[in-house]
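Student: I have a structure I would like to understand better, so I am pasting it below and will then ask my questions one at a time.
The values are calculated or read from the model by the stated rules, or taken from the named source; none is laboratory data. Quick caveat: nothing in here was measured; it's all calculated off a predicted structure. Every residue, glycine among them, receives a Cβ derived from its backbone with ideal geometry; neighbour counts consider all protein chains shown.
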Amino acid sequence: MNTKNLVTFKTILEMGSFQKAADKLGYTQSTVTFQIKQLEEEMALKLFEKIGRRMELTQAGRDIMPFVDTILQGANQIGNYGKSLSEISGSLKLAIPDSILIYNMQPFIQAFAHEAPNVQLVINSIQSGEINQSVVDGTADIGINCEKESYPDTVIHKKLGKYKAVLVASPFADRNMLDFITPHQHKPFSLICNEPDGYYQLDMNKYLAEKDIVLNSPMNVQSIEAVKRCVMNNLGIAVVPAYSIGEELKNGSLIPIKTELDEKIYNSFYVYNKNKWISPQLELAMNLMTEYLGKENI
């Protein structure tokens, strides 16, 4: 069996389409289509079916994914046998929320590149609620996530750092409307967020509901930087990790709003699939995450 065809198959799943997989692998789309046809004929299985204008994975394709991962992991293991970290090649795919990537990851990335210069570090910034699933389905080797109430059975999660979350407003907001302690109020603010299923965000929603503090309709944006810009321009308020707004609090472009959640501590975790081979690059990533991200950002 040609492992290149298996790599192409997995890349299609990671990228979401034949064309995007072709672009990433440096192939034409016809080459990708031919490789998948070869794989289907060799296994006597239909891996993709056309639904509308899209090619969708069949149930058979889903069923063989663990075996594909096992074969590719084995090939990688053989290829890197006896090599030092500086000599190993391959890739490591990370899934990380926007806020952690922007504010906490740079020392880790620099250290990883120094220790394993021939390993391609592929970083995908995605919503917190999608990270566990990306580890389960193999589109990420390891994920970094904020605290969750539950984890899939096939995912191992290990604690990293601690942090606080802060409710913030623009310095131009009406100070008379910034009492978020007294219950039974209506506030003329929208709650702006980029992580609607983030644990601290859900906690704030619960807090406001229990206090009967009613806000305007929420506003969802794509990034933590967009959240901060919207709040600075007095378009609403937001709850954000404290580590993401240190400079803005210092220069006064954002101001904190006191709540009864101010002293609550949240945790961050790294997660990986318990059925996955712990490659040298994955082990290195775990060690470096503990070293560089296992801190208190409070």
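Student: Being among the hydrophobic types (A, V, I, L, M, F, W, C) and either exposed (fewer than 14 other Cβ atoms within 10 Å of the Cβ) or closer than 25 Å to GLY79 by Cα (or both) is the requirement here; does VAL119 meet it?
Tutor: The answer is yes for VAL119.
Student: On to the next question. Going by the conditions given, is VAL227 part of a helix (DSSP H, G or I) and under 28 Å from the mean Cα position of the chain (by Cα)? Break it down stepwise before answering.
Tutor: Values: part of a helix (DSSP H, G or I): yes; under 28 Å from the mean Cα position of the chain (by Cα): yes.
The answer is yes for VAL227.
Student: Pick out the one residue from GLU195, GLU149, GLU210 that is acidic (Asp, Glu) and in a helix (DSSP H, G or I).
Tutor: GLU210
Student: Among the residues of segment 160-183, is any of a type outside the set (A, V, I, L, M, F, W, C), over 25 Å from LYS250 (Cα atoms), in the same structural domain as SER253 (by TED's automatic domain parsing) and not in a strand (DSSP E or B)?
Tutor: Within segment 160-183, one or more residues are of a type outside the set (A, V, I, L, M, F, W, C), over 25 Å from LYS250 (Cα atoms), in the same structural domain as SER253 (by TED's automatic domain parsing) and not in a strand (DSSP E or B).
Student: Which condition does SER190 not pass, out of (1) hydroxyl-bearing (Ser, Thr, Tyr); (2) surrounded by fewer than 21 Cβ atoms within 10 Å (Cβ to Cβ); (3) farther than 19 Å from GLU291 by Cα; (4) assigned by TED's automatic domain parsing to the domain that holds ALA285, if it passes all the others?
Tutor: Condition not satisfied by SER190: (4).
Student: Another question, then. For GLY198, are the conditions met, namely being buried (at least 20 other Cβ atoms within 10 Å of the Cβ), under 13 Å from the mean Cα position of the chain (by Cα) and either within 20 Å of ASN287 (Cα to Cα) or among the basic types (Lys, Arg) (or both)?
Tutor: no
Student: Name the single residue, out of those in segment 259-298 being part of a strand (DSSP E or B) and at pLDDT 90 or above, that is farthest from LYS93 (Cα to Cα). Walk me through it before giving the result.
Tutor: Within segment 259-298, the subset part of a strand (DSSP E or B) is 266-273, 296-297.
Now narrow it down to the ones that are at pLDDT 90 or above: 266-273.
Details: TYR266: 25, ASN267: 22, SER268: 18, PHE269: 16, TYR270: 13, VAL271: 12, TYR272: 11, ASN273: 13 Å.
Only one residue fits best here, namely TYR266.
Student: Being closer than 25 Å to VAL271 by Cα, modelled with pLDDT under 90, outside the structural domain of ASP141 (by TED's automatic domain parsing) and exposed (fewer than 15 other Cβ atoms within 10 Å of the Cβ) narrows it down to one of PHE9, PHE67, so name that one.
Tutor: So the residue among PHE9, PHE67 that is closer than 25 Å to VAL271 by Cα, modelled with pLDDT under 90, outside the structural domain of ASP141 (by TED's automatic domain parsing) and exposed (fewer than 15 other Cβ atoms within 10 Å of the Cβ) is PHE67.
Student: If you check SER134 against the conditions, is it in contact with a Cys (Cβ under 8 Å, 6 or more places away or on another chain), crowded, with 17+ Cβ neighbours inside 10 Å and at negative phi?
Tutor: Taking the combined requirement at face value, the residue does not satisfy it.
Student: From LEU94, LEU45, which residue is modelled with pLDDT of 85 or more and crowded, with 19+ Cβ neighbours inside 10 Å?
Tutor: Criteria check complete, one pass: LEU94.
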